[in-house]
Amino acid sequence: MALLQQPGMLGIGCSNILARARVQCLAAASHMPCLPDLLQVSGSKTVSFTSQKIGSSRRRRGDLGIVAAEASTAASVTPASTGSISVSDVLWPSAGAFLAMAVLGTMDQMMAFRGVSLTIAPLGAVCAVLFTAPGSPAAKKYNMFIAQIGCAALGVLALSLFGPGWLARGAALSASIAFMIITGALHPPAASLPLLFIDGPKFHGLQLWYALFPGAAGCIILCLIVSKLPLSAS
């Protein structure tokens with residue numbers, strides 16, 4: 001009591017109490033964004049205070065801001081308008097595909113005695129490319145015929161080397177993709193021709209003629225049909 005009654009000791013004790021109170025208040029309010037990093041104590045001492053809570057709180061607020069900005073951007077995105085599609089953009093490709101299957105089916109009936117068919121699945125994929133995107137790289141005649149002939153021949157070669165089975169399919173497909181990349185003749189529908197030959201016993205009798213028929217021969221007919229239709233080049 002005697003020490004606390006002295007003015008000097010009383011000032012020191014009050015200063016320490018006030019300093020501790022300020023530090024405790026600062027720690028309790030560390031989540032506030034505008035909290036200063038330096039605290040002045042008793043007008044003469046500077047206490048450096050860096051709070052990890054402030055950093056983590058600011059990072060959380062930054063992350064929330066990014067998420068909010070992305071959500072706002074996503075909300076402002078409108079679906080692609082279909083108003084630019086005209087009736088002819090739908091009618092002519094659909095009519096061309098129907099006409100192509102009609103012509104190939106008629107030719108199938110004429111060649112039924114040979115046991116082969118022109119209406120094969122790869123030509124359906126070719127129709128989708130030619131009638132919907134006649135200006136695309138896959139629809140270019142060089143790409144189409146080089147890929148059709150080369151991939152079909154690789155299917156014949158793979159079957160003769162490995163026989164029917166997964167090894168022949170894998171070798172033919174990988175070789176076909178490599179062939180299209182090397183030659184620059186990228187025409188995805190042609191990649192199915194080797195598999196069709198390996199798994200289709202009715203085509204085995206064609207041997208190397210399979211490189212020209214039915215794939216390349218069917219493409220000639222499809223190109224003739226496309227040339228007669230007013231298709232968009234897109």
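Remarks
- If the condition is being β-branched (Val, Ile, Thr) and either more than 16 Å from Ile221 (Cβ to Cβ) or not in a helix (DSSP H, G or I) (or both), then the range 128-137 contributes only Thr132.
- Pairs, first without any contact (Cβ under 8 Å) to a residue 24 or more places away in the chain in the range 132-161, second of a type in the set (Lys, Arg) and assigned to a helix (DSSP H, G or I), C-beta under 7 Å, six or more apart: none
- Within the range 208-220, the residues that satisfy the criterion of being in a helix (DSSP H, G or I) and either out of contact with any helix residue (DSSP H, G or I) (no Cβ under 7 Å at 6 or more places or on another chain) or surrounded by fewer than 16 Cβ atoms within 10 Å (Cβ to Cβ) (or both) are Leu208, Trp209, Ala217, Ile220.
- The residue list Leu173, Leu186, Leu196, Leu157 contains one member that is open to solvent by 10 Å² or more (accessible area, probe 1.4 Å) and more than 28 Å from the chain's Cα centre (by Cα), which is Leu157.
- Residues of the range 41-64 include none that is modelled with pLDDT of 85 or more, surrounded by 10 or more Cβ atoms within 10 Å (Cβ to Cβ), aliphatic (A, V, I, L, M) and in contact with a helix residue (DSSP H, G or I) (Cβ under 7 Å, 6 or more places away or on another chain).
- Residue in the range 205-220 that is under 18 Å from Val126 (Cα atoms), of a type outside the set (A, V, I, L, M) and within 30 Å of the chain's Cα centre (by Cα) present: yes
- In this entry, Thr132 is excluded by the filter for residues that are surrounded by fewer than 13 Cβ atoms within 10 Å (Cβ to Cβ) and modelled with pLDDT under 95.
- Contact map, the range 99-124: residues that are open to solvent by less than 40 Å² (accessible area, probe 1.4 Å) paired with residues that are modelled with pLDDT under 95 and in a loop (DSSP other than H, G, I, E, B), Cβ distance under 6 Å, separation 6+ or inter-chain. Pairs shown: Leu104/Leu118; Leu104/Thr119; Gly105/Thr119; Asp108/Ser117; Asp108/Leu118; Asp108/Thr119; Leu118/Pro214; Ile120/Pro214.
The values are calculated or read from the model by the stated rules, or taken from the named source; none is laboratory data. These numbers come from a predicted model, not from an experiment. All Cβ positions, even for glycine, are placed from backbone atoms using ideal geometry, and neighbour counts span all protein chains on display. These accessible areas exclude ligands, DNA and RNA; they are computed on the full protein's heavy atoms, side chains included. Shrake-Rupley method; radii C 1.70, N 1.55, O 1.52, S 1.80 Å.
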